[in-house]
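Colleague: This is the structure I have questions about; it appears just below.
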Amino acid sequence: MNFRRQRHRVPALNTTSTADISFMLLIFFLVASSMDVDKGLSRQLPPADNQQKQEESAINKNRLMTVKISAQNELIVDDKPLAIEKLHGKVEGFIQRLGKNHMISLDADPQSDYNTYFKVQNELVTAYKAWRDATARKTYHCPFAKLTNDEKEKIKDMCPQRIAETYNGLQEGGAQ
């Protein structure tokens, strides 16, 4: 009798195609998933050339709403404190009453919190969306979102977004 020990081989997986499979799965998930696009606030920044002079225009105080954010993150609208949640209703009534002839002045203290500033901007955008939607319903008998691009541009011309931003009274060159 032969009592020799036999060597047992442990079966191994063939891993030569693992990299190919991983690459194919990566491509599949990149193609199949959607990429979220961050949307920002559309604001017109001042020109890069500081030598360019801006024209001053006379604004009637009755057509101007002042919105201020203090260093303590308090909202002051026309020299009266107001909760941020109530801002869009007040702005919406103001811009619907005056139409194109309105102007909103937003003044943010540099010490104020960015989240407060962002909340105020969201409330302003909400008010303008409601105004444009109401105008679209009157003009075209359907909501703003369902209009064609040409109709949307006409509504935007009828309902312009007029917001002037200042930063705690900073003047040219950043000097106070």
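Colleague: When residues of region 90-119 are filtered for being part of a helix (DSSP H, G or I) and closer than 17 Å to L64 by Cα, how many remain? Give the derivation first.
Modeller: Filtering region 90-119 down to residues part of a helix (DSSP H, G or I) leaves 90-101, 114-119.
Now narrow it down to the ones that are closer than 17 Å to L64 by Cα: 90-101.
Number of matching residues: 12.
Colleague: Could you run through region 5-26 and say how many residues are open to solvent by 100 Å² or more (accessible area, probe 1.4 Å) and either at pLDDT below 75 or in a loop (DSSP other than H, G, I, E, B) (or both)?
Modeller: Matching residues across region 5-26 total 10.
Colleague: Still on this model: Spot the failing condition for E165; the list is (1) touching a residue at least 12 places away in the same chain (Cβ under 8 Å); (2) open to solvent by 60 Å² or more (accessible area, probe 1.4 Å); (3) closer than 24 Å to N60 by Cα, and only one is missed.
Modeller: (2)
Colleague: Quick one: how many residues across region 147-157 are within 21 Å of the chain's Cα centre (by Cα) and open to solvent by 60 Å² or more (accessible area, probe 1.4 Å)?
Modeller: Selection size over region 147-157: 4.
The values are calculated or read from the model by the stated rules, or taken from the named source; none is laboratory data. Computed from a predicted structure; not experimentally measured. A quick note on method: Cβ atoms are made from the backbone with ideal geometry, for glycine too, and the neighbour counts reach across all protein chains shown. The protein model used for the area step is the full one, side chains on, heavy atoms only, and it has no ligands, DNA or RNA in it. Shrake-Rupley method; radii C 1.70, N 1.55, O 1.52, S 1.80 Å.
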